[in-house]
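K.L.:
Okay, here's the structure, questions in a sec.
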Amino acid sequence: MNIPDNPYLLLTPGPLSTSKPVKAVMLRDWCTWDDDYNLGVVEKIRTGLVNLASTSSAYTSVLMQGSGTFSVESTIGSVLPPNGKLLVLVNGGYGKRLAQISNRLNIETIIHDSGEIVQPNLELLESTLLRDTDITHVTVVHCETTTGMLNPIDEIGRIVKSYHKVYIVDAMSSFGGIPMNAQNIGIDYLVSSANKCIQGVPGFGFVIAKRDELEKTKGFARSLSLDLYDQWKTMEDDHGKWRYTSPTHTVRAFLQAMKELEEEGGIEKRHQRYLENHSLLVKGMTELGFSCLLPEKLQSPIITSFNSPDNPAYDFNKFYHTLKEKG
């Protein structure tokens, strides 16, 4: 069977355009009880994710059905104890979603909102942690998808760990596309998704966690299906088995996407390609009269936002659909 060409490129952080080999491996079925799937696919992914995140054996990984937000909610809802208190650093819609999840789960929540074009206030973070000793966890979005803002997770991590707090990083739109070492940064839980920088297809997310932190969370979960500890324990004990129906085709496609990441030269090489694409895009858009929303020092290479032109002839819908028609 021939795999058709994409009718257009998806210039989004995810879902994104995928390769023909990633699509092709989904053209068969898998039995979720068999070793060729659990050991041959799931466990390879789990090991590979840990190796991408850190050289430390202190980490483990767990896959979770659903979109990336499911994995974020699973993490927040599963790792904070009943008396836990979460500090959320917000500078965009996805930071706001972290706070919304925490509030919906009736977790005591503090929000530091710096606005969409400003990085988190590190002095305020430190003074808050010094003053409020009840805070147990701190979370932030690494690459804020709303604008493309790249938040300083290293500096945040140093402050968070100096106060011995648990550090949760939403790396949805950055993991696999920007080099990072979870151990060096001090990340306890790193959350991302199959259909972002590793260039798989939608259907599941994943959490790369400090094993000793995750082991403390048994019984904390505020949901049955999103219980991160139980999902991890099942995968550990049953060698890759999921508690509930596994999105088999998506999982197999992700293993292929991880192979292609390795063939490209790993995260460093992919990051370089993304940087080159970003520079080319900015150059071309600037020549057309557009200006970037963010200064370059705050800008990620994953998402680039531009200000809408003042020209009265500019129409976003027309611009969008013309780009789509042109591929």
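Every number here is computed from the coordinates shown, using simple stated rules; none is lab data. These numbers come from a predicted model, not from an experiment. Neighbour counts run over all protein chains shown; Cβ positions are idealised from the backbone, glycine included.
K.L.:
Ranked by Cβ crowding within 10 angstrom, fewest neighbours first, how are 196, 165, 23, 218 ordered? Could you put the intermediate results ahead of the total?
P.N.:
Numbers: 196 26, 165 20, 23 16, 218 13.
Going from least to most buried by this count: 218, 23, 165, 196.
K.L.:
What list of ³J(HN,Hα) values in whole Hz, one per residue of region 268-274 in order, does the Karplus curve 6.51 cos²θ - 1.76 cosθ + 1.60 (θ = phi - 60°) give from phi, with Gly and Pro shown as x?
P.N.:
4, 5, 5, 4, 4, 5, 4
K.L.:
Excluding residue 166 itself, calculate the net charge of residues whose Cβ lies under 12 Å from the Cβ of residue 166, where each Lys or Arg counts +1 and each Asp or Glu counts -1.
P.N.:
Numbers: positive: 85, 161, 165, 210, 216; negative: 188, 212, 213.
Summing Lys/Arg as +1 and Asp/Glu as -1 gives +2.
K.L.:
If you take the charge dipole of region 267-325 about its Cα centre, with +1 on Lys and Arg Cβ and -1 on Asp and Glu Cβ, which of 321, 272, 285 is farthest toward its positive end?
P.N.:
272
K.L.:
Computed over the Cα atoms of region 20-261, what is the ratio Rg over Rh, Rh following Kirkwood?
P.N.:
On the way: Rg = 17.3 Å, Rh = 18.0 Å.
Rg/Rh for region 20-261 comes to 0.96.
K.L.:
Continuing with the same structure: Between residue 183 and residue 245, how high is the FRET efficiency from 1/(1 + (r/R0)^6) when r is the Cβ-Cβ distance and R₀ = 30 Å? Nearest 0.05.
P.N.:
Taking R0 as 30 Å, the efficiency between residue 183 and residue 245 is 0.35.
K.L.:
Using a simple charge model, +1 on the beta-carbon of Lys and Arg, -1 on the beta-carbon of Asp and Glu, nothing else, what dipole does region 61-170 show about its Cα centre, in debye to the nearest 20? The partial results should precede the final answer.
P.N.:
Numbers: 8 positive and 12 negative charges, 51 e Å.
Here the size comes out at about 240 debye.
K.L.:
With the contact rule set at Cα under 8 Å and sequence spacing of 6 or more, what percent relative contact order holds for region 20-261? Mind showing how you got there, number by number?
P.N.:
Details: 475 pairs, mean separation 72.2, N = 242.
That works out to 30 percent.
K.L.:
On to the next question. Identify which of 221, 53, 24 has the largest mean-square fluctuation in a Gaussian network model of the chain, with springs joining Cα atoms closer than 10 Å.
P.N.:
It is 24.
K.L.:
If neighbour count is taken as other Cβ atoms inside 10 Å, put 31, 143, 197, 292 in order from fewest to most. Display every interim value, and only then the final one.
P.N.:
Numbers: 31 10, 143 29, 197 26, 292 17.
By the 10 Å Cβ count, ascending: 31, 292, 197, 143.
K.L.:
I've got another one for you. Under 25 Å Cα-Cα from residue 241, which lysines qualify once same-chain neighbours fewer than 8 residues away are excluded?
P.N.:
Within the straight-line cut-off, residue 241 pairs with 23, 44, 196, 210, 216, 218, 233, 259.
K.L.:
Tell me, what ³J(HN,Hα) does each residue in region 247-264 have, in order and in whole Hz, if you take phi through Karplus 6.51 cos²θ - 1.76 cosθ + 1.60 with θ = phi - 60° and put x for Gly and Pro?
P.N.:
Rounded to whole hertz, the list is x, 4, 5, 5, 5, 5, 4, 5, 4, 5, 5, 5, 4, 5, 4, 5, 5, 6.
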